[in-house]
1. Looking only at the stretch 27-47, decide whether some residue is outside any helix (DSSP H, G or I) and open to solvent by less than 50 Å² (accessible area, probe 1.4 Å).
2. Could you list, in sequence order, all residues of the stretch 125-141 that are over 40 Å from the mean Cα position of the chain (by Cα) and open to solvent by less than 70 Å² (accessible area, probe 1.4 Å)?
Amino acid sequence: RDSIWERFKAATSVINKKYQAHFEGIKAEFAANLQAKEALCVEVEEIADKQDIKDANQWNSLSKQIEQIQAKWRTIGFASRKDNQKIYDRFRAACDKFYARKREFFLAVKDGMDENIAKKEALIAQAEELKLSVDWKKTTDQFISLQKQWKEVGPVPRKKSDQLWKRFRAACDEFFASRDANAKPEN
């Protein structure tokens, strides 16, 4: 009886050690995954908190970095059950913060472009009113002023830019062609 007990005890001891080692390995893997995910969270949080982003190219470059980090995130396994949702929520919050700031930037750019469209359309209206004038000196000065103002107005969407420019240029060209045709030839 004692020998059977000792054999049973030795066999269960081996099984228990393997069982314990297996779960210790899983815990270590979860810990390593958590640590890797925390490092990615720090990276995204640093990008999301960056304050010196000035133009669309920088935003797009940072978006690519975020996408690469997200791809890396998907290759890392799970953390422990109690930590997994917390670390995911932290990561998601940092990504959401970045994309919310990016969205605000591009909405501001769009609003600025809409204002610029309105300004350019106002300049076009002025040019179209002046194009039939025969007060050559005064109107020439006004057209030169309108052209300077045109250059000072900020950018507009590419789709509208050429269309607006052609309308403005047509009014200017019509006036200057008429002025040149009516110029007194010098002797």
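1. So the first thing to find is which residues in the stretch 27-47 are outside any helix (DSSP H, G or I), and the list is none.
Taking every residue of the stretch 27-47 in turn, none turns out to be outside any helix (DSSP H, G or I) and open to solvent by less than 50 Å² (accessible area, probe 1.4 Å).
2. Leu130, Lys131, Ser133, Trp136, Thr139, Thr140
The values are calculated or read from the model by the stated rules, or taken from the named source; none is laboratory data. Because the structure is predicted, anything quoted here is derived from the model rather than measured. For accessibility, only protein heavy atoms count, side chains too; no ligands or nucleic acids. Shrake-Rupley method; radii C 1.70, N 1.55, O 1.52, S 1.80 Å.
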